[in-house]
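Here the structure is laid out as structure tokens; the discussion comes afterwards.
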Amino acid sequence: GQQVMQIPQYQHVQEGEDFTTYCNSSTTLSNIQWYKQRPGGHPVFLIQLVKSGEVKKQKRLTFQFGEAKKNSSLHITATQTTDVGTYFCAPLSSGSARQLTFGSGTQLTVLP
Amino acid sequence: KAGVTQTPRYLIKTRGQQVTLSCSPISGHRSVSWYQQTPGQGLQFLFEYFSETQRNKGNFPGRFSGRQFSNSRSEMNVSTLELGDSALYLCASRGGWRYNEQFFGPGTRLTVL
């Protein structure tokens, strides 16, 4: 699978502040998925990015795929306590071997 | 539609034993993947089955094996358990070879003593 570096590992924010997590690869990615895992829960699919420079929004969440398709980011505007969890990026390998390789994740804590 | 189900949810075993975990995908989904999640190694891909055939395998020893039945249900087996096998084992299904979104089950928490 394709390795990615995800930063930061941990992030504490005050409720209402913004939050961003970054995912970087040394190689070009065919696509990248983002998942959220709540404490004690399982990963839940958020979005898939495929095109160079793609930007997708889901309410307060904005996802970007870099022009070179080597990095991606997730930005949350005005965090809420419901945003608490670990956010993972996961490139999906192309071709017949469809393997998701998860980044190490960013654990977000939102302080009320 | 019912989600992905995994049984059992919790399991305690001792070193040297073997264990079988079960996963029922979302109805109609033919692809099932297995992942191991630990605090130290994170989420790691074990293998994927599609139409009863293993399509892809991660970097795990041969003690980890799996299979898929004609109804798409899948089982994962770990033989000769080691302490380091303690983890949350997650199963995920997707609709087909052209569908990328993975739907995860709640996982089986395995503790090896």
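The values are calculated or read from the model by the stated rules, or taken from the named source; none is laboratory data. No experiment lies behind these values; they were computed from the predicted model shown. For neighbour counting, all protein chains shown are included, and Cβ atoms are generated from backbone atoms with ideal geometry for every residue, glycine included.
Quick look at the numbers
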| item | result |
| --- | --- |
| Some residue of region A:91-103 being small (Gly, Ala, Ser) and either over 18 Å from residue B:102 (Cα atoms) or part of a strand (DSSP E or B) (or both) | no |
| Residue count, region B:18-38 (criterion: under 13 Å from residue B:110 (Cα atoms), more than 13 Å from chain A (Cβ to nearest Cβ) and either in a strand (DSSP E or B) or in contact with a helix residue (DSSP H, G or I) (Cβ under 9 Å, 6 or more places away or on another chain) (or both)) | 4 |
| Test: residue in region A:73-80 that is within 14 Å of chain B (Cβ to nearest Cβ), closer than 29 Å to residue B:87 by Cβ and either crowded, with 20+ Cβ neighbours inside 10 Å or in contact with a His (Cβ under 7 Å, 6 or more places away or on another chain) (or both) | no |
| Which numbered condition residue A:22 fails, given (1) among the aromatic types (Phe, Trp, Tyr); (2) in contact with a Pro (Cβ under 7 Å, 6 or more places away or on another chain); (3) more than 14 Å from chain B (Cβ to nearest Cβ) | (2) |
| Given (1) in contact (Cβ under 8 Å) with a residue 24 or more places away in the chain; (2) of a type outside the set (Gly, Ala, Ser); (3) within 11 Å of chain A (Cβ to nearest Cβ), index of the condition residue B:15 fails | (3) |
| Selection status of residue B:51, out of contact with any His (no Cβ under 6 Å at 6 or more places or on another chain) and more than 14 Å from chain A (Cβ to nearest Cβ) | no |
| Qualifying residue in region B:79-93 (condition: more than 19 Å from residue A:33 (Cα to Cα), at pLDDT below 95 and either in contact with a Lys or Arg (Cβ under 8 Å, 6 or more places away or on another chain) or among the hydrophobic types (A, V, I, L, M, F, W, C) (or both)) | no |
| Residue match in region B:64-80 (condition: of a type in the set (S, T, N, Q) and within 14 Å of chain A (Cβ to nearest Cβ)) | no |
| Residue satisfying condition, being assigned to a strand (DSSP E or B), of a type in the set (S, T, N, Q) and at pLDDT below 95, within set A:48, A:11, A:107, A:6 | A:48 |
| Region A:8-57 - residue that is surrounded by 13 or more Cβ atoms within 10 Å (Cβ to Cβ) and of a type in the set (A, V, I, L, M) and, of those, farthest from residue B:93 (Cα to Cα) | A:13 |
| When residues of region A:1-51 are limited to those that are out of contact with any Leu (no Cβ under 6 Å at 6 or more places or on another chain) and charged (D, E, K, R), the one nearest to residue A:92 (Cα to Cα) | A:51 |
| Residue tally, condition crowded, with 17+ Cβ neighbours inside 10 Å, more than 11 Å from the chain's Cα centre (by Cα) and either at the interface with chain B (Cβ under 7 Å from one of its Cβ atoms) or among the hydrophobic types (A, V, I, L, M, F, W, C) (or both), over region A:85-112 | 7 |
